[in-house]
Amino acid sequence: MLLKAILINLVLLGVYCTLITAGAAAADRGFSIAIVGGICIAMHVGINIIAGLILLVMGKGEAAKALLISGAILAPVGFVSWLILLSIFG
């Protein structure tokens, strides 16, 4: 369950980073990555943590642990990928 949650979250991170980069015009690409990418990563991590806490309260320990650890892994990976994309296209 843990590996599955981590892989799904990392694939989603790659998908929306690709969509933000490919979907923006060349002149606005840095702004799109800075604003939209930061918001998407923050919301993604927040949703994982909130869902993990809700599952923890409901008593589903394994799923809660998987989402909380996945959110903890996604935060630094997402931040570093956001900084890399920002330095390339910004």
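FYI, it's all coordinate maths here, none of it is from the lab. These numbers come from a predicted model, not from an experiment.
Size descriptors for the chain, from the alpha-carbon set: Rg then Dmax equal 14.4, 49 Å. Applying the Karplus relation 6.51 cos²θ - 1.76 cosθ + 1.60 with θ = phi - 60° to the range 34-39 yields 3J(HN,Hα) values of 5, 7, 5, x, x, 5 Hz, where x marks Gly and Pro. In terms of its C-alpha gyration tensor, the range 1-40 comes out prolate, because a/c is 1.5 or above and the ratio a/b outweighs b/c. Couplings 3J(HN,Hα) of the range 74-90, computed from phi: 5, 4, x, 5, x, 5, 5, 5, 4, 5, 5, 4, 5, 6, 6, 9, x Hz, in residue order, whole Hz [Karplus 6.51 cos²θ - 1.76 cosθ + 1.60, θ = phi - 60°; x for Gly and Pro].
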